[in-house]
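The values are calculated or read from the model by the stated rules, or taken from the named source; none is laboratory data. Note that this is a predicted model, so its numbers are computed, not measured. Note: ideal-geometry Cβ built from the backbone for every residue, glycine included; neighbour counts use all protein chains shown. Quick note on the areas: whole protein, heavy atoms, side chains included, nothing else; ligands and nucleic acids left out. Shrake-Rupley method; radii C 1.70, N 1.55, O 1.52, S 1.80 Å.
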Amino acid sequence: MQLTRRQSLAIGASAIAALGLSGLPAFASATDDLINEFTGGAEAGAGELSLTAPEIAENGNTVPIEISAPGAVAVAIFADGNPTPPVATVTFGPLNPTHAVSTRIRLAKTQNVVAVAQMEDGSFQMAKSEVKVTIGGCGG
Amino acid sequence: MKNAFRLLGTVAAVAGLAGAAMAGAGPDEDELVVNGEIEMVTEAAAPAHMENIDTIYSGWRFRSDETQALQMDDFENPSMIWVEEAAAVFDTPDGTEGKACASCHESPDTLAGVKAVYPKWNEAAGEVRTVEMQVNDCRENRMGAEPWKYDGGDMTNMVALIASVSRGLPVNVAIDGPAKETWEKGKEIYYTRYGQLELSCANCHEQNYGMMIRADHLSQGQINGFPTYRLKNTKLNAVHSRFKGCIRDTRAHTFAPGSPEFVALELYVASRGNGLSVEGPSVRN
Amino acid sequence: MASGVKPRVKVPKSASAGETVTIKTLISHKMESGQRKDGDGNVIPRSIINRFVVDFNGQNVIDVKLEPAISTNPYFQFDATVPESGAFAFTWYDDDGSVYEDKSEISVG
């Protein structure tokens with residue numbers, strides 16, 4: 001079938017729009033792979049694990065986050081829209097009573113911050129938070 | 001002129017799309033107390049010389065809750081690392097005379113009140129001086145030391161130290177008497193449109209403060225919080241660096257840090273904050 | 001050794017036996033991510049603090065593996081149990097092999 005230029009432009013534009021609406025599959029699957037590596041393929045469900053991050057980051061350079069993982073041995077943190085998703089892996093020692101940590105991270109653009117906790121009983125929990133990263137204005 | 005209007009039109013359209021929840025929001029209602037003890041005045045009646053604004057607000061009031069929290073505690077505020085470094089430099093002799101700042105000034109605390117009244121007319125020198133100019137005067141003429149680069153790390157750290165001991169004190173720069181001429185020059189610069197984009201300080205900071213420019217929550221452009229730790233470049237920034245950045249963003253050939261134009265502008269802009277508390281070193285975006 | 005790297009820690013001076021204390025730590029470090037390019041278009045190589053360990057009297061409190069997504073001037077806040085008087089030992093490991101340390105004593109009882 002012969003496409004007119006108008007038709008092929010329309011198809012192209014809607015394909016790009018569709019990609020835009022569905023997010024960025026390329027990065028998201030890289031994060032999924034890393035999560036699977038951490039969990040050994042096991043399911044990570046909801047639990048007491050909580051991740052607190054701002055809804056809108058004033059500047060992607062320094063985004064404060066807080067993680068609370070009662071009963072966890074370690075927590076792996078990912079940013080699924082960053083060029084390299086791993087953010088940090090936190091292991092809690094015997095003298096850690098609350099299994100919580102706060103830090104400041106870099107986010108390249110609007111994306112999900114994902115925390116995956118490895119529990120003492122060998123199971124896994126996951127928590128996700130979307131952070132909108134804005135482009136500055138006249139920030140200089 | 002036409003181009004500027006077209007740009008402002010585009011900016012307004014993008015701002016409208018960016019988030020109805022954020023557009024047109026003025027300063028927030030939060031209160032700033034640092035370390036649980038230094039109460040900061042972040043809102044005051046505008047000084048008499050300001051014709052177009054009734055109430056002045058510190059830049060702190062325009063930042064997100066997370067950014068504001070970083071300034072409320074001297075540990076959370078990364079600036080203090082460099083303030084501590086400057087305190088060590090304060091005690092270290094430098095230059096041919098074998099003197100340190102401490103040789104004359106004893107300790108940084110004795111400089112409380114200084115930042116609040118600078119820039120200031122210096123009778124002996126016959127000019128308005130900024131803190132940076134005064135530091136270099138001491139270094140060259142009393143310590144026999146090399147002057148520091150005006151907006152370099154060493155200088156900005158020292159200005160941050162000097163500002164930190166004035167925190168909570170009201171900004172109170174003199175705009176009359178011998179300083180008047182410099183102040184008038186600074187006022188003229190504030191209201192002059194610069195660059196390809198033909199924007200003056202007033203266009204954004206007086207006519208549109210509280211609005212969003214793309215995703216930036218525009219403040220009144222007050223400088224009571226300088227030097228400031230910017231999240232954007234994760235370091236301390238001096239006032240003249242910021243002026244330079246702003247004017248460069250209008251796509252103009254900008255003035256240089258330490259230039260008479262920026263000294264005049266700093267005096268004028270500081271006077272627009274008379275009544276707010278010295279907050280430096282602050283945390284901004 | 002990366003230049004100008006300074007650690008700071010905030011730890012209470014005293015606690016009761018078994019109490020939970022909150023600790024804050026900051027270290028001034030550029031955390032060069034390896035994503036930036038210089039003026040000529042060459043990638044600036046990664047150079048970050050890659051690990052942060054906190055022990056108390058030889059027992060571990062927290063062990064963090066840092067990636068380039070941790071902000072410049074890495075900041076961490078966490079809790080610790082203080083069973084007895086002693087010292088917290090803070091250690092940061094740099095990609096370039098440098099090790100930065102800080103210590104903070106706490107008295108109990």
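Tabulated data for the structure shown
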quantity	calculated
Boolean, A:GLY140 is within 30 Å of B:THR234 (Cα to Cα), in contact with a strand residue (DSSP E or B) (Cβ under 6 Å, 6 or more places away or on another chain) and modelled with pLDDT under 95	no
Selection count where residues are farther than 14 Å from C:GLN77 by Cβ, surrounded by 19 or more Cβ atoms within 10 Å (Cβ to Cβ) and more than 9 Å from chain C (Cβ to nearest Cβ), scope the stretch A:55-74	6
Among (1) under 24 Å from B:LYS99 (Cβ atoms); (2) open to solvent by less than 30 Å² (accessible area, probe 1.4 Å); (3) part of a loop (DSSP other than H, G, I, E, B) - the single one B:GLY168 does not satisfy	(1)
Members of the stretch B:58-84 that are touching a Ser or Thr at 6+ places or on another chain (Cβ under 6 Å) and either at the interface with another protein chain (Cβ under 8 Å from one of its Cβ atoms) or among the polar types (S, T, N, Q) (or both)	B:SER58, B:GLN71, B:ILE81
Of the criteria (1) in contact with a helix residue (DSSP H, G or I) (Cβ under 6 Å, 6 or more places away or on another chain); (2) of a type in the set (D, E, K, R); (3) within 27 Å of B:VAL283 (Cβ to Cβ), which one A:GLU66 fails	(1)
Test: residue in the stretch A:112-128 that is surrounded by fewer than 17 Cβ atoms within 10 Å (Cβ to Cβ), within 11 Å of the chain's Cα centre (by Cα) and charged (D, E, K, R)	yes
Tally, over the stretch C:53-69, of residues that are at the interface with chain A (Cβ under 7 Å from one of its Cβ atoms), under 11 Å from the mean Cα position of the chain (by Cα) and open to solvent by less than 10 Å² (accessible area, probe 1.4 Å)	3
Residue in the stretch B:208-217 that is open to solvent by 40 Å² or more (accessible area, probe 1.4 Å), free of Cβ contacts under 8 Å to residues at least 40 places away in the same chain and more than 10 Å from chain A (Cβ to nearest Cβ) present	yes
Conditions (1) open to solvent by less than 20 Å² (accessible area, probe 1.4 Å); (2) facing chain C (nearest Cβ under 10 Å); (3) not in a strand (DSSP E or B): number failed by A:ILE77	(3)
Residues within the stretch C:70-109 that are open to solvent by 10 Å² or more (accessible area, probe 1.4 Å) and of a type in the set (A, V, I, L, M), tallied	4
Enumeration of residues in the stretch C:3-43 that are of a type in the set (Asp, Glu) and surrounded by 13 or more Cβ atoms within 10 Å (Cβ to Cβ)	C:GLU19, C:GLU32
Long-range neighbours under 6 Å by Cβ, at least six apart or interchain, first residue of a type in the set (Ser, Thr, Tyr) within the stretch C:62-75, second part of a loop (DSSP other than H, G, I, E, B)	C:SER71/A:THR62; C:SER71/A:ARG106; C:THR72/B:THR234; C:THR72/C:LYS30; C:THR72/C:MET31
Some residue of the stretch A:82-91 being within 30 Å of B:ASN237 (Cβ to Cβ), out of contact with any Lys or Arg (no Cβ under 7 Å at 6 or more places or on another chain), within 14 Å of chain B (Cβ to nearest Cβ) and surrounded by fewer than 23 Cβ atoms within 10 Å (Cβ to Cβ)	no
Qualifying residue in the stretch C:70-89 (condition: more than 13 Å from chain A (Cβ to nearest Cβ), out of contact with any helix residue (DSSP H, G or I) (no Cβ under 8 Å at 6 or more places or on another chain) and of a type outside the set (Lys, Arg))	yes
Residue check for B:GLU97: farther than 30 Å from A:GLU55 by Cα, charged (D, E, K, R) and within 14 Å of chain C (Cβ to nearest Cβ)	no
Selected residue [more than 18 Å from B:VAL83 (Cα to Cα), open to solvent by less than 50 Å² (accessible area, probe 1.4 Å), part of a helix (DSSP H, G or I) and at pLDDT 95 or above] from B:ALA163, B:ALA179, B:ALA145	B:ALA179
